[in-house]
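A short write-up of the structure that comes next.
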Amino acid sequence: MRRISVRAVRSRLHLTAVILALGVSACSSATSITGVGPSTPASLSVRQTAFLDTLERRTFNWFWERSDPNSGLTPDRWPTKSFSSVAAIGFALTAYPVGVERGYVARADAAQRTLNTLRFMYNAPQGQQASNVTGYKGFFYHFLDMQTGFRFEQVELSTIDTSLLLGGILFAQSYFTGTDATESAIRAYADSIYLRVDWAWAVHQPNVVSMGWHPENGYIDADWRGYDEGMIVYVLGLGSPTHPIDPASWAEWTKTYMWADFYGQQHVNFAPLFGHQYSHIWIDFRGIQDAYMRGKGIDYFENSRRATISQRSYAIANPGQWKDYGANVWGLTAGDGPFDTAFVIGGRTRQFFSYRARGAAANEIQDDGTIAPTAAGGSIAFAPEIAIPALIAMRQKYGDNLFGNYGFVDDFNPTLVDGTSRYGRIVAGKGWFDTDYLGIDQGPIIAMIENYRSDLIWKTMRKNPYIVAGLKKAGFTGGWLGN
């Protein structure tokens with residue numbers, strides 16, 4: 001268990017150092033993206049379509065087979081023994097309707113699994129004590145024991161992980177619209193879980209939501225200030241009819257944005273790609289704008305597209321001279337790594353990391369040669385013309401070392417071609433390869449493939465009243481949202 005507590009818990013308390021590193025820079029006018037436009041599902045080759053079929057099915061199977069069918073608890077990672085990740089449960093709940101639509105599971109089976117999950121999460125004990133509880137004030141702890149569902153060790157009560165869970169819960173609420181007892185109960189439990197969350201309590205500093213809280217010493221010393229995955233926190237907090245946050249919080253959130261050019265793409269920068277992906281899984285930002293994006297002449301979807309393209313351009317330029325980086329080997333985000341060690345390779349000192357928020361942006365570069373397939377996979381909806389070929393090329397180049405029964409393992413590093421690693425394995429002459437699949441990285445892959453192929457999650461969530469209310473209170477207008 002030491003591997004889990006050190007590598008995951010310490011390093012994954014939502015990457016506070018990365019988020020706090022964001023600053024404000026001078027704004028400049030938006031620039032258009034040049035080159036090949038996005039491909040549509042109808043324009044894909046037979047091989048590309050077959051690849052997406054395989055990747056989507058294998059990734060779905062991870063959630064279906066690894067989540068507990070009775071409690072719905074989803075492990076943080078597998079096959080390493082782990083605790084449950086609350087965010088991974090949200091991704092699992094998102095994957096189940098995808099499985100229904102793709103014919104992987106029967107609707108009744110997916111509905112029953114969803115109901116089991118929501119019932120367990122609603123009935124799990126909440127309270128301000130430090131142990132034997134699952135959450136407090138409607139929020140949930142970041143990690144939960146896989147057997148009991150109680151708080152794992154001394155992790156924080158997490159506003160973002162609760163929000164990612166709620167993304168899955170509200171998607172289930174809007175998807176399962178049948179009149180039978182199971183689907184009716186799903187909608188009722190979803191309401192009960194969302195409506196009890198006390199968002200106002202989580203506002204520790206004026207108009208900003210705290211990242212979390214510990215029963216031992218109170219609020220953690222970090223708040224959600226833009227730009228990163230925290231958009232969904234504010235949308236859900238604003239949309240609550242029971243314990244909402246003040247609409248002024250959105251302006252407070254956006255005023256810490258960093259608009260800058262990175263490898264030819266002007267956009268709001270955030271180094272790891274997960275920050276450009278997570279909120280977009282459940283919220284269709286295409287064609288809708290808040291005051292900030294109206295001033296830039298783009299929307300947040302376009303912003304994420306630019307961030308994706310800039311990362312690929314960074315990999316092509318390869319300023320760090322990492323092995324194999326190029327047009328079809330790219331993608332930096334939070335994920336596993338081989339170890340926290342520096343040593344000399346080819347006459348050059350290289351610093352490697354274990355779990356790390358890797359990324360590349362104008363304000364920060366964290367890069368040790370470790371690529372995460374979820375970085376490209378979670379960007380399929382934004383830039384399919386570069387993301388899909390990259391995933392296919394990586395699978396072909398690295399074979400079974402990278403692509404297994406549940407799709408892509410979490411990370412790989414082609415530069416590290418010999419030696420031994422505490423985590424994963426080094427294949428002589430080929431590189432370091434993770435041996436784990438992580439729920440929070442599997443989730444964006446299946447969700448964004450399906451959003452690209454059918455708009456399933458987006459079109460379903462456009463009907464969710466809480467999402468709509470939150471967006472309108474944040475000042476979004478236009479497109480599918482209207483005025």
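The values are calculated or read from the model by the stated rules, or taken from the named source; none is laboratory data. The shown structure was predicted, so the numbers you read here are calculated from the model rather than taken from an experiment. No Cβ is skipped: glycine too gets one built from the backbone with ideal geometry, and neighbour counts run over all protein chains shown. All accessible areas refer to the heavy atoms of the entire protein, side chains included, with ligands and DNA or RNA removed. Shrake-Rupley method; radii C 1.70, N 1.55, O 1.52, S 1.80 Å.
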Notebook entry, point to check: So, in Å, what gap is there between the alpha-carbon centers of the stretch 187-210 and the stretch 385-451?
Noted result: 36
Notebook entry, point to check: Using a basic spin-label model with each label point 7 Å from the Cα along Cα→Cβ, how many nm lie between ASP198 and ASP340?
Noted result: 3.5
Next item on the list: Report the Stokes-Einstein translational diffusion coefficient (µm² s⁻¹, integer) for the stretch 426-483, Rh taken as the Kirkwood radius over Cα pairs, at 25 °C with viscosity 0.890 mPa s.
Entry: 168
Notebook entry, point to check: What ³J(HN,Hα) values, in whole Hz, does the Karplus curve 6.51 cos²θ - 1.76 cosθ + 1.60 give for the stretch 302-312 when θ = phi - 60°, with x put for Gly and Pro?
Noted result: 4, 4, 5, 4, 5, 4, 5, 5, 5, 5, 5
Next item on the list: Could you pull the Cα extents of the stretch 317-356 along its three principal axes, largest to smallest, in whole Å?
Entry: 28, 26, 12
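Tally Lys/Arg at +1 and Asp/Glu at -1 over every other residue whose Cβ is under 14 Å from the Cβ of LEU55; what's the total? Can you show the working numbers first?
On the way: positive: ARG47, ARG57, ARG58, ARG102, ARG395, ARG453; negative: ASP53, GLU56, ASP441, GLU450.
Charge balance in the 14 Å sphere: +2.
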Check: Once the piece of chain linking ALA185 and THR54 is laid out straight, how much longer is it, given 0.36 nm per residue of separation minus the C-alpha distance between them?
Finding: 43.9 nm
Next item on the list: Over the stretch 116-258, average the accessible area per residue using a 1.4 Å probe and give it in Å², no decimals.
Entry: 33
Check: Label points 7 Å out from Cα along the Cβ direction at LYS397 and ARG294: separation in nm?
Finding: 4.4
Checklist line | Cα gyration tensor, the chain - rounded (a/c under 1.5), prolate or oblate | finding: rounded
Next item on the list: With a cut-off of 19 Å, note down the residues of the stretch 281-312 whose backbone N falls inside the zone around a label point 7 Å from the Cα of THR177 toward its beta carbon.
Entry: 282-284
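At 0.36 nm per residue, minus the direct Cα-Cα distance, what do ILE316 and ARG47 gain on full extension? Give it in nm, one decimal, please.
Details: separation 269, 0.36 × 269 = 96.84 nm, distance 2.46 nm.
Computed gain between ILE316 and ARG47 is 94.4 nm.
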Next item on the list: Compute the length gained on full extension between HIS243 and ALA130: take 0.36 nm times their separation in residues and subtract their Cα-Cα distance, giving the result in nm to one decimal.
Entry: 38.3 nm
Item checked: the chain: calculated mean residue ellipticity at 222 nm from DSSP helix runs of at least 4, using -39500 (n - 2.57) -> -12000 deg cm²/dmol
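When the Kirkwood hydrodynamic radius is evaluated over all pairs of different C-alpha atoms of the stretch 112-162, what value in angstrom, to one decimal, is obtained?
Details: mean 1/r = 0.0911 Å⁻¹.
Across the stretch 112-162, the inverse of the average 1/r is 11.0 Å.
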Checklist line | Value of D in µm² per second that Stokes-Einstein yields for the stretch 176-240, Kirkwood Rh from Cα pairs, at 20 °C (1.002 mPa s) | finding: 155
Check: Which percent of the accessible heavy-atom area of the chain goes to carbon and sulfur, probe 1.4 angstrom?
Finding: 50
Next item on the list: Determine by what factor the alpha-carbon radius of gyration of the stretch 103-226 differs from 2.2 N^0.38 Å, reporting the quotient.
Entry: 1.14
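Of the listed peptides 462-468, 390-396, what is their order by residue-averaged count of other C-beta atoms within 10 Å, with the highest listed first? Mind showing how you got there, number by number?
Details: 462-468: 18.0, 390-396: 19.7.
Answer by packing, highest mean first, reads 390-396, 462-468.
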Next item on the list: With label points built 7 Å along Cα→Cβ from the Cα atoms of ILE365 and TYR122, find their separation and express it in nm.
Entry: 5.1
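Under a point-charge model restricted to the Cβ atoms of Lys and Arg (+1) and Asp and Glu (-1), what is the dipole moment magnitude of the stretch 227-324 relative to its Cα centre, in debye to the nearest 20?
Numbers: 8 positive and 10 negative charges, 61 e Å.
Dipole about the Cα centre, nearest 20: 300 debye.
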